Amino acid sequence: MYASLKHIYSHFLLTEDNVREIIAAHEEISIAKEDFLLKEGQIAHEYYIVENGLVRAFVDGLDGNEITTEFFTENEIVIIPSSLFQKIPSKENVQAVTDSVLWKIDYEKFQELFHELEGLREWGRAWFSYQVFTMKQRSLDMVTESASSRYLKLMKEKPQIIRQAPLKHIATYLGITDTSLSRIRKDIAEK
């Protein structure tokens, strides 16, 4: 039942009692496909961990079309850091792609635990460092890798997205058109 939370909060400085305390601060929620966790202009007051399902973040592009900026799969944290930590309105929307079960933790409760538990502070530093690395790698991939390579990498690293997300969401996440993605998928299938 708490597998996602135990996985997320595993850190050598967090004792089992610490992890139990952190888990107890979370609330299980279920959301339906296409429901929003956060809308553009709102301020985030919590973050979530995906137990099962698929969630995405997106913005409305200059032409009015949605552009997927991130996918969140099982055992990942659904968060818009700038809104949550700086208490500013979000520029992104966060929406369930599928029916999903999530664990929610309130920002204030997280802050209490963060200041109380040294291991959670170290966990937070490690998590943010990994997120910065991942974002940098993704931005480099967008300018140094072909669309086909980016798609194959997504297939390998997050197959759940390929199986569950609409093609238009995947295409905008990869920075390509639906037509280009269809051609890439056809080429891969023919090989």
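Here, each number is a calculation from the coordinates, and none is a lab measurement. This structure is a prediction, so every number in the text was calculated from the model and none was measured. FYI the Cβ positions are ideal-geometry reconstructions off the backbone, even for glycines, and counts take in every protein chain you see.
List of remarks:
- For peptides 88-96, 50-58, 101-109, 181-189, sequence by mean Cβ density within 10 Å, most packed first: 50-58, 88-96, 101-109, 181-189
- Separation of the LEU140 and LYS156 label points, Cα + 7 Å toward Cβ, nm: 1.5
- Distance between the pseudo-spin-label points of SER149 and ARG125 (7 Å out from Cα toward the beta carbon): 3.4 nm.
- With Cα atoms defining each centre, region 37-70 and region 79-110 are spaced 8 Å apart in the structure.
- Length gained when the stretch PHE36-ASP17 is fully extended (0.36 nm per residue, less Cα-Cα span): 3.5 nm
- Of the peptides 160-167, 131-138, the order by per-residue mean of other Cβ atoms within 10 Å, starting with the highest, comes out as 160-167, 131-138.
- Computed P(r) (all Cα pairs; the chain; 10 Å bins; percent): 8, 33, 35, 18, 5, 0
- Placing a label point 7 Å from the Cα of PHE114 along the Cα-to-Cβ direction, the residues of region 51-95 whose backbone N falls under 17 Å from that point are 77-90.
- Cα gyration tensor category, rounded, prolate or oblate, for region 145-191 with a/c compared to 1.5: rounded
- Ellipticity estimate at 222 nm from DSSP helix runs (n ≥ 4, -39,500 (n - 2.57)) divided over the chain, nearest 500: -15000 deg cm²/dmol
- Restraint check, LYS153/LYS186; LYS136/LYS186; LYS6/LYS39; LYS33/LYS186; LYS109/LYS156; LYS6/LYS168, Cα-Cα greater than 26 Å: LYS136/LYS186; LYS6/LYS39; LYS33/LYS186; LYS109/LYS156; LYS6/LYS168
- Exposure proxy shown here: for THR179, THR98, THR68, the number of other Cβ atoms within 10 Å sets the order, fewest to most, as THR179, THR98, THR68.
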